[in-house]
Amino acid sequence: MQPTEWIALASGVVALVAAGISVWQARTAVVSARNSARQAQAADEQVRVAREQLQQAERVHREQLALAQQIHREQNEPYVVVDIAAIEPGSGLLALIIQNSGPTVARDVRIQFTPELESSVPQLTPRLQSALSRTISVLPPGRRLVYAFDTHERWRAGNLPMEFDVTVDSTGPAGPVEQLTYKIDLEVLAESLVGERTHKRLEDRLGKVADAVKQLSSTYGTANGEAIRAERQRERDAWQRQSSGDSDV
């Protein structure tokens, strides 16, 4: 083989080897690029997960903070309740009761009954409506306002409403209190207002006092019977002597 041929062959071998190296380098670069892409995707995923976890933690923190603030506010808010109840069991007298059961002062208390309160006692109706039409400027904790409302005659009248929707608005130290709405059903009280005399409790107490006095008198008479008899005998003797003296005169 001529030198020129050897040179050509060597050149071809070198070119082939170079081409192989180039192909290997290209494949290596592709693999590296793929690995880099995977690593970049993994890094992006980690960043995304970390961001979501941070957002979740921030959301939970906000919710817990808002809940704590709400609980703190509710625990320190006034709680104005309006009710209709008997003054005492069996009294037959119904009263409208407005009470602040909360720990702080209630201000600007506004109460609305639907339908409007109407009593079977005509003179009570304008008083009730006047009391409910005004705003209560201040209602301290534990304060209880009581207004005469009606008697058991309401159930006999038969033409007066028995159910009312009540709305209570007020303001506390932190601002307006959540509006309170509920229903009052007077039929629930019907059985508790009948079948017992108005002054039964007082009569029972007086009866117990009379029994105690009677028992005390009996005990005293038993313990001091002899002295009582002697005193009565002296009184009779004195009366007889006086009567004899009058006769002699």
THR151 is checked against (1) out of contact with any helix residue (DSSP H, G or I) (no Cβ under 8 Å at 6 or more places or on another chain); (2) farther than 25 Å from TYR79 by Cβ; (3) surrounded by fewer than 16 Cβ atoms within 10 Å (Cβ to Cβ) and fails just one. What number does that condition carry? (3)
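Tell me, yes or no, whether the range 183-192 has at least one residue that is part of a strand (DSSP E or B) and either at pLDDT below 90 or open to solvent by 40 Å² or more (accessible area, probe 1.4 Å) (or both). Walk me through it before giving the result.
Here is the first cut: in the range 183-192, the residues part of a strand (DSSP E or B) are 183-185.
With the extra rule that they be either at pLDDT below 90 or open to solvent by 40 Å² or more (accessible area, probe 1.4 Å) (or both), the set shrinks to 183, 185.
Yes, the range 183-192 contains a residue that is part of a strand (DSSP E or B) and either at pLDDT below 90 or open to solvent by 40 Å² or more (accessible area, probe 1.4 Å) (or both).
Would you check if there is a residue in the range 74-95 being polar (S, T, N, Q), outside any loop (DSSP other than H, G, I, E, B) and modelled with pLDDT under 70?
Kept after step one, since they are polar (S, T, N, Q), are these residues of the range 74-95: 75-76, 91.
Checking the rest, the ones that are also outside any loop (DSSP other than H, G, I, E, B) come to 75.
So of that shortlist, the ones also modelled with pLDDT under 70 come out as none.
No, there is no match, as no residue in the range 74-95 is polar (S, T, N, Q), outside any loop (DSSP other than H, G, I, E, B) and modelled with pLDDT under 70.
Take the conditions closer than 21 Å to VAL188 by Cα, surrounded by 16 or more Cβ atoms within 10 Å (Cβ to Cβ), touching a strand residue (DSSP E or B) at 6+ places or on another chain (Cβ under 7 Å) and touching a residue at least 24 places away in the same chain (Cβ under 8 Å) and apply them to GLY172. Does it pass?
Values: closer than 21 Å to VAL188 by Cα: no; surrounded by 16 or more Cβ atoms within 10 Å (Cβ to Cβ): yes; touching a strand residue (DSSP E or B) at 6+ places or on another chain (Cβ under 7 Å): yes; touching a residue at least 24 places away in the same chain (Cβ under 8 Å): yes.
In short, no.
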Tabulated pairs, the range 136-157, first of a type in the set (Gly, Ala, Ser), second open to solvent by 30 Å² or more (accessible area, probe 1.4 Å) and modelled with pLDDT under 95, C-beta under 6 angstrom, 6+ apart or interchain: ALA157/SER120
Among the residues of the range 35-58, are any more than 30 Å from GLN99 (Cβ to Cβ), open to solvent by 100 Å² or more (accessible area, probe 1.4 Å), out of contact with any Cys (no Cβ under 6 Å at 6 or more places or on another chain) and modelled with pLDDT under 70? no
Counting just the residues of the range 88-108 that are under 17 Å from the mean Cα position of the chain (by Cα) and buried (at least 19 other Cβ atoms within 10 Å of the Cβ), which one comes out nearest to LEU132 (Cα to Cα)? ILE98
If you check ARG127 against the conditions, is it at pLDDT 90 or above, charged (D, E, K, R) and in a helix (DSSP H, G or I)? yes
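The values are calculated or read from the model by the stated rules, or taken from the named source; none is laboratory data. Every value quoted in this text rests on a predicted model; they were computed, and no experiment measured them. Here the Cβ is made from the backbone with ideal geometry for all residues, glycine too, and neighbour counts use every protein chain on show. Heads up: the accessible areas ignore ligands, DNA and RNA and are worked out on the full protein's heavy atoms, side chains in. Shrake-Rupley method; radii C 1.70, N 1.55, O 1.52, S 1.80 Å.
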